[in-house]
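Presented below is the structure to which this report refers.
The values are calculated or read from the model by the stated rules, or taken from the named source; none is laboratory data. This structure is a prediction, so every number in the text was calculated from the model and none was measured. Here the Cβ positions follow ideal geometry from the backbone for every residue, glycine too, while neighbour counts run over all protein chains shown. Accessible surface areas use protein heavy atoms only, side chains included; no ligands, DNA or RNA. Shrake-Rupley method; radii C 1.70, N 1.55, O 1.52, S 1.80 Å.
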Amino acid sequence: TPDGREVYFTQRKEGEPNRLMMSRLGTDGWTAPEPAAFAKGFPDAEPHVTPDGRALYFGSRRPQPGSARSDDGIWVVTRTAGGTWGAPRYHGPGMYVSSARSGNLYITDVTNATGTGEGAAIVYPWTAGKFGRPQRLGGGVNTPRVADHVFVAPDESYILLDSTRPGGQGGEGDLYACFRRPDGSWSEAVNLGDVVNAPGTTFCPSVSPDGRYIFYTANNDIYWVSAKILEPLRARVLGAGSAR
């Protein structure tokens, strides 16, 4: 969360369904992880708190409106006046949500919403108080292979993604970054290198609400690193004057 006092993550134990867990920072440190109150009774995963802290999106295999059959979808809860999360509401198809301060919503498409091929990373632009038509992300985000999980920086200056591409570190996925060019387009993807990636599978990147830290999963555990590791990559892709 933006205040740094709550953390939400997926727990996956052998032979058990995914669980959405949370922990709070108190006077004695972090509390023992426990299932999030709104995510009990169904397989839930991949939580994302919006930069303003008002909403939390997550993936779930619970029955969707008008159906008794459990299916994958994106759900959302919003903060109540009392500070708790409200009841989950179905948002739509897709997986792995991230959002920018602008309100734009980035997801992995699973239904060919843009008509350009299933499985690509897309964005729903937030305009006039509602989401517009989805757009397939360009540059190196979905090329030469589509992104599996994409996460946008709060200021939309870069996108992190995982994908299996030629020249990677091996395994089933590496982390890459694409940077926003001055004209608004996305750059080619650059591998984050062996500071982050390893021969195993590295995937599911996310960025803290303040933009200072990158979190990701490797070897069935959660790691974090300073977002400053991106600066030399940004300079390489956009030029020396682009470093921040």
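General observations
- Restricting attention to region 38-69, the residues being aliphatic (A, V, I, L, M), buried (at least 21 other Cβ atoms within 10 Å of the Cβ) and either more than 18 Å from Q11 (Cβ to Cβ) or at pLDDT below 95 (or both) number 1.
- Taken over region 213-244, the criterion of being at positive phi and without any contact (Cβ under 8 Å) to a residue 12 or more places away in the chain is satisfied by G239 alone.
- Residue in region 221-232 that is in contact with a Ser or Thr (Cβ under 9 Å, 6 or more places away or on another chain), outside any strand (DSSP E or B) and at pLDDT below 95 present: no
- Single residue of region 114-162 satisfying the filter (open to solvent by less than 20 Å² (accessible area, probe 1.4 Å) and touching a Ser or Thr at 6+ places or on another chain (Cβ under 6 Å)) that is farthest from N104 (Cα to Cα): A147
- Residue check, V190 open to solvent by 70 Å² or more (accessible area, probe 1.4 Å), over 17 Å from the mean Cα position of the chain (by Cα) and among the aliphatic types (A, V, I, L, M): no
- Meets criteria (within 13 Å of S157 (Cβ to Cβ), out of contact with any strand residue (DSSP E or B) (no Cβ under 9 Å at 6 or more places or on another chain) and surrounded by 14 or more Cβ atoms within 10 Å (Cβ to Cβ)) for G184: no
- Flag for Y176 being of a type in the set (S, T, Y), in contact with an Asp or Glu (Cβ under 9 Å, 6 or more places away or on another chain) and buried (at least 21 other Cβ atoms within 10 Å of the Cβ): yes
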